[in-house]
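Have a look at the structure below, then the notes.
What follows draws every value from the coordinates through simple rules; no lab data is involved. Bear in mind that the values here come from a model prediction, so they are computed numbers and not experimental data. No Cβ is skipped: glycine too gets one built from the backbone with ideal geometry, and neighbour counts run over all protein chains shown.
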Amino acid sequence: MSTTQPALTPNSENRAKILLIGALVGALTGLGAAYLLIQRADEEGITLTPGEGVKLGVTVFSFLRQITQLGG
């Protein structure tokens, strides 16, 4: 007995809600990450090097690519 879930096919009203929720989650996540980075820098006196910034950027884009491939 297999159960299938309906596909997510947002209409224009749902798209706006999804975009708003995504924007809020993204903003809060970014704010939290920046806060943690500042706290770590204050406590340990460290800085983010350009190489670490590039690694972080690649990691974020890889994560976003995985999100776009969900359900596919």
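Express in nm, to one decimal, how much length is gained between Thr49 and Arg15 on full extension, taking 0.36 nm for each residue of separation and deducting their alpha carbon distance.
Going from the current span to full extension adds 8.5 nm.
Taking a ≥ b ≥ c as the square roots of the eigenvalues of the Cα gyration tensor, segment 12-68 is oblate, since a/c reaches 1.5 or more and a/b is not larger than b/c. Exposure proxy ranking for Ser62, Ser12, based on other Cβ atoms within 10 angstrom of each Cβ and starting from the fewest, stands as Ser12, Ser62.
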